[in-house]
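The values are calculated or read from the model by the stated rules, or taken from the named source; none is laboratory data. Everything quoted here is computed from the prediction, not taken from an experiment. Counting neighbours? That spans all protein chains shown, and the Cβs are built from the backbone with ideal geometry, glycine included.
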Amino acid sequence: MLYGLENGAIREEIELILDYPANLVNALQNDQIDIGLIPVAALVGLDNYQIVSDYCIGTEGEVASVCLFSEVPMEQIDTVILDYQSRTSVLLCKLLFEKHWKKPVRFIEAHDESYLESIKGNVAGLVIGDRALKSRTKYNYIYDLGQGWKEMTGLPFVFAVWVSLNPLNEKFIRSFNLANQEGLAHLNEVASQANFSDYNVGYYFRHNISYILSNEHKKAMELFFNIALQKTLDIH
């Protein structure tokens, strides 16, 4: 996605800002940015938002970079430390424990990277992003949250979508979609430039992540919201 925004014609029309998802939500609410790649869990707290692109960050099943890691099998886990970087992944983890794995556990919120050292014994940890890909050889048991959602619902999962709080003209939206499309057209090139040895980046981009916001993806988002609101879980 960044490839198209950085190298396509649209680069003359935008200022690109890179930041953590939670910070992008705040920037969007404070009118500091016009469009943000926003975690879907944060949409519940936004008023009058619009999804402005046909593209997203999602998965059709195994996502690899959003996983629960443990030294012991699921039945022996009694505590889960939650990654501090993603509200969507935290909410998904809670939903899976309640509705899919059907196991009561104690949740602890992490505040920095040190929590990775506490994943041992009966204490499991939710880890996302590059750290999750690097952790795949360190633990005996890996529970992939994308795969868990697929098993529970039969649907893909959406982690983030492009969102605006203000109306955008159709011409810009078309250009923005083309920029996203251009990035996907250069997927192999982007993967070849990635300096990452812990996981096959090409496989990750092509098979673990899905990018088109299809009707099935939208259906999955609606179901995710409905379950979350029904159970009034903490998504903030």
Which one is surrounded by the fewest Cβ atoms within 10 Å (Cβ to Cβ) among residues in the range 129-182 that are hydroxyl-bearing (S, T, Y) and out of contact with any helix residue (DSSP H, G or I) (no Cβ under 9 Å at 6 or more places or on another chain)? T137
For the structure I just gave you, tell me whether K171 is among the basic types (K, R) and in the same structural domain as E12 (by TED's automatic domain parsing). yes
(1) buried (at least 19 other Cβ atoms within 10 Å of the Cβ); (2) part of a strand (DSSP E or B); (3) not β-branched (V, I, T): which one isn't true of C93, the others all being true? (2)
Quick check on this structure: which one of V40, V52 is touching a strand residue (DSSP E or B) at 6+ places or on another chain (Cβ under 6 Å) and either of a type in the set (D, E, K, R) or buried (at least 21 other Cβ atoms within 10 Å of the Cβ) (or both)? V40
Is the range 60-76 home to any residue that is among the charged types (D, E, K, R), touching a residue at least 60 places away in the same chain (Cβ under 8 Å) and within 26 Å of Q181 (Cβ to Cβ)? yes
Return the residues of the range 7-36 that are crowded, with 19+ Cβ neighbours inside 10 Å and touching a strand residue (DSSP E or B) at 6+ places or on another chain (Cβ under 7 Å); say none if nothing qualifies. P21, L24, V25, L28, I35, G36
Condition met for A191 (small (G, A, S), at pLDDT below 95 and surrounded by 16 or more Cβ atoms within 10 Å (Cβ to Cβ)): yes
Which one of these does N208 not meet: (1) closer than 17 Å to C93 by Cβ; (2) at pLDDT 95 or above; (3) surrounded by 17 or more Cβ atoms within 10 Å (Cβ to Cβ)? (1)
List the pairs whose first member sits in the range 128-149 and is closer than 12 Å to A64 by Cα, whose second member is among the polar types (S, T, N, Q) and modelled with pLDDT under 95, and whose Cβ atoms are under 7 Å apart, counting only residues at least 6 apart or on separate chains? I128/Q85; I128/S86; I128/S89; G129/Q85; L145/S89
Taking the range 157-202, which residues are more than 30 Å from L95 (Cα to Cα) and among the charged types (D, E, K, R)? E170, K171, R174, E182, E189
On the basis of being surrounded by 22 or more Cβ atoms within 10 Å (Cβ to Cβ), out of contact with any Phe, Trp or Tyr (no Cβ under 9 Å at 6 or more places or on another chain), touching a residue at least 24 places away in the same chain (Cβ under 8 Å) and not assigned by TED's automatic domain parsing to the domain that holds I38, does R87 make the cut? yes
Can you give me the number of residues within the range 199-216 that are assigned to a loop (DSSP other than H, G, I, E, B) and over 28 Å from A27 (Cα atoms)? 2
Determine which member of the set L16, L5 is in a loop (DSSP other than H, G, I, E, B) and over 30 Å from I142 (Cβ atoms). L16
